[in-house]
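Written below as structure tokens is the structure these notes are about.
The values are calculated or read from the model by the stated rules, or taken from the named source; none is laboratory data. The model shown is predicted, which means the values in this text are computed figures rather than measured ones. Glycine gets a Cβ as well: all are built from the backbone with ideal geometry, and neighbour counts include every protein chain shown.
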Amino acid sequence: MQFSAPPLCAKFVEHFKNYRKIILKRTPVNNQIRAAEIRLVDETGKQLGVVSLRDALQLAQGRHLDLIQVTEKVVPPVCRLGDYGKYLYWQEKKQKEIRKQKGGQIKGIRLSFGISPHDLEIRAKQAEKFLNQGNKILIEMVLRGREKALSHLARQKVTRFLEILNKSVPVKLETDLKKGSRGFTMIISKQ
């Protein structure tokens, strides 16, 4: 007779694995710190010097605070007195801010050879929106067939697009207008 685990147990095991990963990433606090001596910083940011772990834990307990290991890359590790919940909150907030600041994504604006002046203005408004979000813009002028022979007109369309865009947002060229197999490309960003 073979015993098979119910599906609930499999979910629990998977959850436990994920929980374990979270615990391993978490910063050591209070009794989880594994060093004999630490460099201590109090809640105001004042350096208290190198102290033993036992003394630091007693000081934290006396002030009703947690002892949080800030970095382990140095010897002795740096620990800080503070509220662990607030520390986690601020760390999470910093991570969100870093993710927001990336903003270096490249958004694409595609222009065609026969684009009308009104459509150029609409694409310029869209590009303005992208630039205000902190993104870079890849401008593509796609040329097909005989349009490739009229590349000077395509260049004029791209310069007209940049003129319209410069009226609303100052831009700088990341890369110059390059001719490729499918047409012209260039990357711009906000000044």
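Mind counting the residues in the range 41-57 that are assigned to a helix (DSSP H, G or I) and either charged (D, E, K, R) or exposed (fewer than 13 other Cβ atoms within 10 Å of the Cβ) (or both)?
Number satisfying all stated conditions: 2.
Pairs, please: C-beta under 7 Å, at least 6 apart or cross-chain, first residue under 23 Å from Thr27 (Cα atoms) and of a type outside the set (Phe, Trp, Tyr) and in the range 92-103, second modelled with pLDDT of 70 or more and part of a loop (DSSP other than H, G, I, E, B)?
Going by the 7 Å Cβ cut-off, there are no qualifying pairs.
Listed here are the residues, each with its yes/no results for (1) modelled with pLDDT under 85; (2) of a type in the set (Ser, Thr, Tyr).
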{"residue": "Tyr84", "(1), (2)": "yes, yes"}
{"residue": "Gly114", "(1), (2)": "no, no"}
{"residue": "Gly134", "(1), (2)": "yes, no"}
{"residue": "Ala149", "(1), (2)": "no, no"}
{"residue": "Lys157", "(1), (2)": "no, no"}
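Failed condition for Leu120, given (1) in contact (Cβ under 8 Å) with a residue 12 or more places away in the chain; (2) surrounded by fewer than 16 Cβ atoms within 10 Å (Cβ to Cβ); (3) part of a helix (DSSP H, G or I), with all others met?
Tallying (1) in contact (Cβ under 8 Å) with a residue 12 or more places away in the chain; (2) surrounded by fewer than 16 Cβ atoms within 10 Å (Cβ to Cβ); (3) part of a helix (DSSP H, G or I), Leu120 fails exactly one: (2).
Would you confirm whether any residue within the range 61-72 is acidic (Asp, Glu), closer than 27 Å to Asp42 by Cβ and touching a helix residue (DSSP H, G or I) at 6+ places or on another chain (Cβ under 9 Å)?
yes
For (1) on the phi > 0 side of the Ramachandran plot; (2) surrounded by 14 or more Cβ atoms within 10 Å (Cβ to Cβ), each residue gets a yes or a no:
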residue: Ile109; (1), (2): no, yes
residue: Ser112; (1), (2): no, yes
residue: Lys157; (1), (2): no, yes
residue: Leu173; (1), (2): no, no
residue: Gly183; (1), (2): yes, yes
residue: Lys190; (1), (2): no, yes
